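K.L.:
Pasting in a structure now, in structure tokens, and then I'll have a few things to ask.
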Amino acid sequence: MRLYLLALNPTDSVTEGFLPAASRLGLETAVLTDQPEAHRRAYPETEVLECDVRDFRAVITRIATHLPPDAVFTNSDHLQTQAALAAEYFGLPAKPWQAALRTKDKAHMRRHLAAAGAGAVWSAEVPAGQDPGAVLGGTEVPRPCVVKPREGVASEDVVLAEGQDDAVRRCREIQARRPGAALVVEEYLTGQLCTLETLGDSRVRHVLGGFRTQLSAPPYFVEERMTFVRDHPEHVVTQVLAQLDALGVGFGACHTEFVVDEGRARLIEVNYRAIGDQCDLLLAELLGVPLFDHILRTHLGEPLPTDLGARTGGAAVLEYPCADRAGTLTAAPAAADLVVDGVRLVYRPLREVGERHELYRTNRDFLGVVRATGTDQTAVDSAVTGFLAARHWEVTP
């Protein structure tokens with residue numbers, strides 16, 4: 001059976017998760033990408049085909065002129081609609097392309113949820129190339145509010161604004177960096193930021209758990225620490241799933257970010273893919289399930305088991321040492337695999353010593369990732385704190 005996997009840049013999710021899963025399932029895999037050399041360096045034994053993967057027509061043509069597909073899949077935020085349209089064209093199992101589009105496009109998501117009566121949030125769209133002062137001038141913008149790219153990812157150019165004038169200023173700053181980007185201005189939703197991780201086959205949907213997210217200080221929203229939560233309160237999960245149903249999300253993996261305030265769950269964004277930044281690798285290990293295999297099987301048309309057999313009672317944390325300035329990474333610890341007081345701890349660098357970067361205020365500032373799993377939350381937290389305290393990262397301007 002042949003799998004076509006759409007990708008932009010190489011990611012840990014693909015390299016360590018989906019490609020090994022495809023191999024275990026006996027699939028012949030071809031990676032379609034607009035960055036072929038980067039993928040060939042990352043996994044030289046995998047077939048890599050150059051393609052303008054942002055254009056669904058190019059994807060369909062590349063597949064049609066190669067070998068017949070049995071599945072078309074992506075774990076990229078940017079390529080869900082293209083993969084869904086290509087899979088539908090070939091008559092293969094797929095996410096509804098409409099749901100893929102309305103979750104990727106944050107303005108569509110807000111409009112659709114409001115129209116469905118599934119959660120109204122004040123928001124305004126600033127189309128690409130338009131003056132935000134003119135667009136927002138006749139509206140009463142909440143104080144505070146959040147400015148973000150309409151189709152952005154990883155908190156890039158997401159910023160808190162104090163009101164209309166500040167929102168206009170922030171929009172203009174983002175437009176100067178990203179002249180082709182449409183923006184969304186929406187009310188700031190207070191409460192604890194959480195995630196819900198789900199996997200479905202349109203017949204059954206499994207809730208895998210979620211995370212509580214610790215963010216950087218305002219006005220930015222960099223995710224610095226993720227603490228695993230096996231079971232969010234039932235009434236919270238029910239509210240989140242109802243909003244996903246309204247969006248048409250039910251097939252494959254989905255990573256949903258939401259806040260809870262006084263018992264009310266409100267969506268921040270829906271990433272119609274598996275969670276990234278190595279949280280998916282941790283989930284598979286902690287739950288003891290072949291997560292990546294299950295995700296690919298849904299796209300091959302295989303039903304999910306009614307019981308995944310996931311382990312319970314686990315505790316886990318991921319923490320991301322971050323650069324606090326632009327510059328060159330001149331000192332950093334090496335990769336490590338440790339067991340500390342019964343806690344399994346994995347550290348992986350995300351930048352090489354000698355690399356120079358700007359300060360992005362996103363997960364591109366991550367210098368590395370610590371993954372810790374165990375059975376006791378206090379022990380897990382202590383192991384991570386001790387590991388980070390004993391290591392040193394240095395960024396030289």
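K.L.:
How many residues, within region 1-12, are open to solvent by 10 Å² or more (accessible area, probe 1.4 Å) and among the hydroxyl-bearing types (S, T, Y)?
P.N.:
1
K.L.:
Select, from R364, R391, R351, R371, the only residue that is of a type outside the set (A, V, I, L, M, F, W, C), open to solvent by less than 40 Å² (accessible area, probe 1.4 Å) and outside any strand (DSSP E or B).
P.N.:
Going through R364, R391, R351, R371 in turn, just one is of a type outside the set (A, V, I, L, M, F, W, C), open to solvent by less than 40 Å² (accessible area, probe 1.4 Å) and outside any strand (DSSP E or B): R351.
K.L.:
Could you list, in sequence order, the residues of region 69-106 that are farther than 12 Å from H299 by Cα and among the basic types (K, R)?
P.N.:
R102, K104, K106, listed by residue number.
K.L.:
Here's a follow-up. Please state which one of V141, V146 is farther than 20 Å from V260 by Cα and surrounded by 18 or more Cβ atoms within 10 Å (Cβ to Cβ).
P.N.:
That would be V141, the only listed residue that is farther than 20 Å from V260 by Cα and surrounded by 18 or more Cβ atoms within 10 Å (Cβ to Cβ).
Residue by residue, here is whether (1) closer than 22 Å to R344 by Cβ; (2) within 15 Å of the chain's Cα centre (by Cα); (3) β-branched (V, I, T) holds:
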{"site": "F221", "(1), (2), (3)": "no, yes, no"}
{"site": "T238", "(1), (2), (3)": "no, no, yes"}
{"site": "A274", "(1), (2), (3)": "yes, yes, no"}
{"site": "L296", "(1), (2), (3)": "no, no, no"}
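K.L.:
If we scan region 339-348, do we find a residue that is of a type in the set (V, I, T), loosely packed, with under 15 Cβ neighbours inside 10 Å and assigned to a strand (DSSP E or B)?
P.N.:
Yes - at least one qualifying residue is present in region 339-348.
The values are calculated or read from the model by the stated rules, or taken from the named source; none is laboratory data. Keep in mind it's a predicted model, so treat the numbers as computed, not measured. Cβ sites come from the backbone with ideal geometry, for glycine too, and all protein chains shown count toward neighbours. For the accessible areas, the whole protein counts, side chains as well, though only heavy atoms, and no ligand, DNA or RNA atoms are used. Shrake-Rupley method; radii C 1.70, N 1.55, O 1.52, S 1.80 Å.
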